[in-house]
Amino acid sequence: MDTIHLALVERGFVVTEVEQHSSYGWSFYIKIGEVFVWTMLQLSDSWLLVSDAPIGLLKRLIGRSNNAALTIACAELHAALSSTTLAQSIRWFTRDEFAKNPSGGVSEP
């Protein structure tokens, strides 16, 4: 997680410190524009990196989303992961795709 964190900082992003997430992972936030994208790394059957760009109810009701920020964050996370030999066989999923077939996914976000 520190390697990913450092790669994002070196790419010029504002990134919060890595924190323990419950008893099973580590997390941090990446600032994309005015949006903070949450990212958590946990050990599943293999390593699982989960990202989310939470948005408030009022903004959702008026049709706003943080999808653009999440897309940028995922592309930057992919670049950070691809720049190290520590990550191999990187696969990308939506939440629904992972729930249906965790052995599928695509090679880029």
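Structure notes:
- Calculated FRET value between Lys100 and Glu10, using beta carbons and R₀ = 30 Å, to 0.05: 0.25
- Once the convex hull of all Cα atoms in the chain is built, its volume per residue stands at 117 Å³.
- Relative contact order for segment 1-105, counting Cα pairs under 8 Å that sit 6 or more residues apart, in percent: 17
- Positive-end ranking of Gly25, Ile4, Ala53 along the dipole of the chain, with charges on Cβ about the Cα centre, is headed by Ala53.
- Estimated dipole of segment 2-100 in Debye, rounded to 20 [Cβ of Lys and Arg +1, of Asp and Glu -1, Cα centre]: 400
Each value in this text was obtained by applying a stated rule to the coordinates, not by laboratory testing. Everything numeric here is computed off the predicted structure, so don't read it as measured data. For neighbour counting, all protein chains shown are included, and Cβ atoms are generated from backbone atoms with ideal geometry for every residue, glycine included.
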